[in-house]
Amino acid sequence: MNKRFVPLLTAPLLASALLTSGRRTAYYSAMETFGVYKRDLLKKRVVAARDDQKAASEQFKDTLTRLKELHAFDGGKLEKTYKALNSD
């Protein structure tokens, strides 16, 4: 990459980062005026991410079960060992 283009790329990235952080601060300030604090917003996001992860995990388990039934796969020795370790 040509050295004279590096500042041309760096400036927009830096400006974008500053504007994004400024918008977040403005968002949190506006929400705080309505009585919703940053910690409450972050807690909601964490709870939502946890719930989404749990749902994805259940969907993956269901898909795995369906694949096992479809192909009549019993899991073999590895699955028996996994279940034995998982039950402890």
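The values are calculated or read from the model by the stated rules, or taken from the named source; none is laboratory data. Source: prediction; values computed, not measured.
Being on the phi < 0 side of the Ramachandran plot and either over 28 Å from the mean Cα position of the chain (by Cα) or small (Gly, Ala, Ser) (or both) narrows it down to one of GLU58, GLU69, so name that one. Even if it seems obvious, please write down each step before you answer.
Details: GLU58 fails: either over 28 Å from the mean Cα position of the chain (by Cα) or small (Gly, Ala, Ser) (or both).
Going through GLU58, GLU69 in turn, just one is on the phi < 0 side of the Ramachandran plot and either over 28 Å from the mean Cα position of the chain (by Cα) or small (Gly, Ala, Ser) (or both): GLU69.
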Check your understanding: Taking THR20, is it modelled with pLDDT of 75 or more and not small (Gly, Ala, Ser)?
Key -> no
